[in-house]
Amino acid sequence: MIKKILKWAGIILLILIIALVSVPFLFKDKIKSMVTKAINEQVDATVAFEDVSLSLFKNFPMANVSVDKLSIINKAPFEGDTLVYMGNIDLTMSVKELFKGEGEPMNLESLSTKDGIINILINKDGVGNFDIALKSDEKDTPGDDSESKPFALNMQNYKIENLRFKYFDEGSKIKMVIDSLNHEGKGNFAASKLDLDTKTSAKLSLDMDNTNYMRDVVLKLDAVLGIDLENSIYTFKENKAFINQLPLEFDGSVALKGERQQIDLTFKTPTSSFKNFLGLVPEAYSGNLSSVQTEGDFTIDGKVKGLNGENSIPTFNVAIASNNASFKYPDLPKSVENIVIDTKIINETGVLNDTYVNLDKLSFRIDQDVFNAKATVRNIVDNALVNADLNGTINLANVGKAYPVQLDTPLSGILKANLSTKFDMQSVEKSEYEKMQNNGSMSLSGFTYSGEGLPNPINISQASIQFNPSRITLSEFKAKTGKSDIVVSGTLDNFYGFIFKDQTLKGNFDMNSNQLMVADFMAPESATPAAKTEGEAKTETSSSEAVKIPAFLDCTITAKANTVVYDNLNLKNVSGKMVIKDEAVALQNISTDIFGGKIGFNGNVSTKAAKPTFKMDLSLNAVDITQSFTQLDMLKSIAPIANVISGKINSTINLSGNLDSKEMTPDLNSLNGDLLGQLLNTSVNKENSKMLTALDSNLSFIDIDKLNINNLKTYLSFENGKVNIKPFNIKYQDIDVQIGGQHGFDQSINYNIAFNVPAKYLGSDVNKLISSLNGTDASKISIPVNAVVSGSFNNPKVSTDLSKAVGNLTNQLIDQQKDKLKQQGEDKVKDALNNLLGGNKKEEEKTDTSATSKENTTNTQTQQTAEDKAKDAGKELINGLFKKKDKKEE
């Protein structure tokens, strides 16, 4: 009997499992159709989701419907903008809801979302991207609409995890972001009146008109809300809220009246302890408040009442107050005392522009240093009017001794301020500084700053600033860092436009330095630990940002420095001007003593485009060739052969190209430009060049070390990674040499060298053979020899056309000998004719005939003899050049 029971129980269990597994497949299409219908019948937007799934296990015994990656994309005028994205939506309902007939709505008992984004936009015309509901004429008749709803809300709870809510009003320039929003509520939504038990946490950021007012403020609210669904009234009952660590309590209600809200709320701090003030500071900066000793009070008391609509806001009055308070952290030696805070934020009319802020007093003391401030802000929407006064002294070293400031290097220095300012924002926007009333001064002395990205602390011995209506004057700034010292003075224009309106910061400065080590201002490269994986190393490399010249700067810096050390270069007597504007730096009349001479340059560097670019005109005056063309990588690439030349150079170099976006070094393959140079007091050392050594070994008639290149002028042009050398002439003794060709930044070479070589340099044997040809003068005979140098500077290849040159010499000798012998024959005929003049006619005719015949015979023989002798001489010359012996001689 027991076996039968167990058997049937097992069969039933198996059937149930099969049913639970198979049901989702049977109802999946139905659920998917209902979700699609629920969305498309309500919104005028592009809706998409990845998948809809049904599970009977996830919330057993309830059925669970999951919608993955739901997105709602706006149509015009916000076409392409994402209004809503939900990574996941879970709907929970009774299993029996799945068996309802078509047209019957399914009752949802719970809803949850995860990893969502809601993006609310309002354009300049006041149109919002959230207005996507289908208009009434686009829907079915009311009767049909009520029957076509696929889902009905009968929820008991809901939950939202990790939602990001973004709001931006283009007209008022209000931007609000609620990030990491987690919210859940429990209550019976089937009832028209219910108490909803909620828990909420989020981070709030708020910007207005490009000014940040809150950044990642932590908000928490645990509240029971009384909800009247029929009248749309929401009442605060039991609640406990926190702004960062500041506790607040709310009383009152919010009623929805169409598109407006009737608000009647009061809020206050539940206690008056001064710890409430410290609670406003994020915990990461204020530390643990439980053990902080405080005296005095701190309260926030606020009232908000009225109608919030398109043309009105509720009136409100928020008072923040503290009187003669103090606090001391138990682990720190000093305390902050005599704290007075009296601030009010008020709107009495319901018109937003009538809101005003009164900071009637803010005062505190650390040791004997007292600091006071007061300010008012009015007319905040149309044209904010600001009036503020700062007066007092702060010993920065005491700040860290009284408050737990998290700094790698403790603060030091004395800050003094005596400043009053009065201005309106329209004057700032229009740069109408004459309407701004700023007077006073600020100074900082003995200040040391050290932070990430700085290789050495910056020690400011003295900095003084004076304020007046037109500008801010930096009358003194003296600082040291590492081995560098700088002294700066100058003026700042449009400082308030930069601070309040994100406008361009304009300035004009003079800078002087005895010694400036560039490395003192450059962040050291962080070595990648060996333990890092390849993927981590790639991520770190890709995260480094390109160098950008700030777009907000428009300033001129005139600088002088006795010594500037950059990498391995020591520059003396550096002077010039830098103009920084429009994401570019213009360098004007920069000059420096270096490499035993002087270098001057003008140019500009721009980072405005995706690839940084530069253009530079350089002038080198009596600069040491070896140092400049070996220590400056760019010059080394342009003329690598210069390292074999000792002496000086005068040169002008014009070049332009791209820069590496991170290292800001020239991209050699992008260089364009030219170089015109003149060599002074120079000599050549071929041992430093494999190319010259190879050339010297292939040409016996020239000694490279004895080349005279003094006062040589050369012209180079470079483009697409190649340097073209315009042919130039030099002279070695009485040998004319012409050099031209090109080389590449990749060290490839292709040079053509033409020599006009007198035959006397071809050896004593050759000269004897030439002289034996009836006294031919070898000094009057020269031959062209061409050499081609290819390969690379490290592996050169030299080829010559010496054999062709010898052939040319042979032809030259033949022509000379023929002309000589022919002339000798003509002279002999003339002499014979002269001797026969004066005889009788017959004898003359006979003699004439005989002489003519003899002359022809003589000329023919003479010509043949000359050719034969020339050929023989040429043959002997060739044999002599290549050291071959005639068979007879053997």
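The values are calculated or read from the model by the stated rules, or taken from the named source; none is laboratory data. For clarity, every value in this text was computed on a predicted model and none was experimentally measured. Note: ideal-geometry Cβ built from the backbone for every residue, glycine included; neighbour counts use all protein chains shown.
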Considering only the stretch 169-206, state which residues are hydroxyl-bearing (S, T, Y), under 22 Å from G226 (Cα atoms) and at pLDDT 90 or above. T198, T200, S201
Please determine, by comparing only the residues of the stretch 380-399 that are at pLDDT 90 or above and under 30 Å from I174 (Cα atoms), which one is surrounded by the most Cβ atoms within 10 Å (Cβ to Cβ). V386
I'm trying to understand the selection: among the residues of the stretch 266-294, which are touching a Gly at 6+ places or on another chain (Cβ under 8 Å), assigned to a loop (DSSP other than H, G, I, E, B) and under 30 Å from G226 (Cα atoms)? none
For the stretch 677-703, pairs from a residue that is free of Cβ contacts under 8 Å to residues at least 40 places away in the same chain to a residue that is aliphatic (A, V, I, L, M), with Cβ under 6 Å and 6 or more apart or across chains, are D696/I704
Would you check if there is a residue in the stretch 401-416 being at pLDDT 85 or above, surrounded by fewer than 18 Cβ atoms within 10 Å (Cβ to Cβ) and farther than 30 Å from N288 by Cα? yes
When you check I730 against the structure, is it surrounded by 14 or more Cβ atoms within 10 Å (Cβ to Cβ) and not in a loop (DSSP other than H, G, I, E, B), yes or no? yes
How many of the residues in the stretch 157-177 are of a type in the set (A, V, I, L, M) and touching a residue at least 40 places away in the same chain (Cβ under 8 Å)? 2
Within the stretch 619-647, the residues that are without any contact (Cβ under 8 Å) to a residue 60 or more places away in the chain and hydroxyl-bearing (S, T, Y) are S619, T626, S628, T630, S646
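Rundown of residues vs (1) under 22 Å from F250 (Cβ atoms); (2) polar (S, T, N, Q); (3) free of Cβ contacts under 8 Å to residues at least 12 places away in the same chain, yes/no style:
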position: T294; (1), (2), (3): no, yes, no
position: N311; (1), (2), (3): no, yes, yes
position: F327; (1), (2), (3): no, no, no
position: P330; (1), (2), (3): no, no, no
position: K334; (1), (2), (3): no, no, no
position: V340; (1), (2), (3): no, no, no
position: K344; (1), (2), (3): yes, no, no
position: N353; (1), (2), (3): no, yes, no
Residue hits (the stretch 638-661; outside any strand (DSSP E or B) and not small (G, A, S)) are I638, P640, I641, N643, V644, D660
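Here is a yes/no grid of residues against (1) surrounded by 15 or more Cβ atoms within 10 Å (Cβ to Cβ); (2) free of Cβ contacts under 8 Å to residues at least 24 places away in the same chain; (3) polar (S, T, N, Q); (4) not in a strand (DSSP E or B):
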position: L181; (1), (2), (3), (4): yes, yes, no, no
position: S201; (1), (2), (3), (4): no, yes, yes, no
position: Y213; (1), (2), (3), (4): no, yes, no, no
position: F250; (1), (2), (3), (4): yes, no, no, no
position: D264; (1), (2), (3), (4): yes, no, no, no
With the condition kept exactly as written, say whether any residue in the stretch 489-506 is at pLDDT below 90 and in contact with a Cys (Cβ under 8 Å, 6 or more places away or on another chain). yes
I'm checking my understanding of the structure. Among residues of the stretch 733-764 that are of a type in the set (G, A, S) and under 21 Å from T652 (Cα atoms), which one is surrounded by the fewest Cβ atoms within 10 Å (Cβ to Cβ)? G740
Name the residues in the stretch 296-309 that are outside any loop (DSSP other than H, G, I, E, B) and in contact (Cβ under 8 Å) with a residue 40 or more places away in the chain, would you? I300, V304, K305, G306, L307, N308
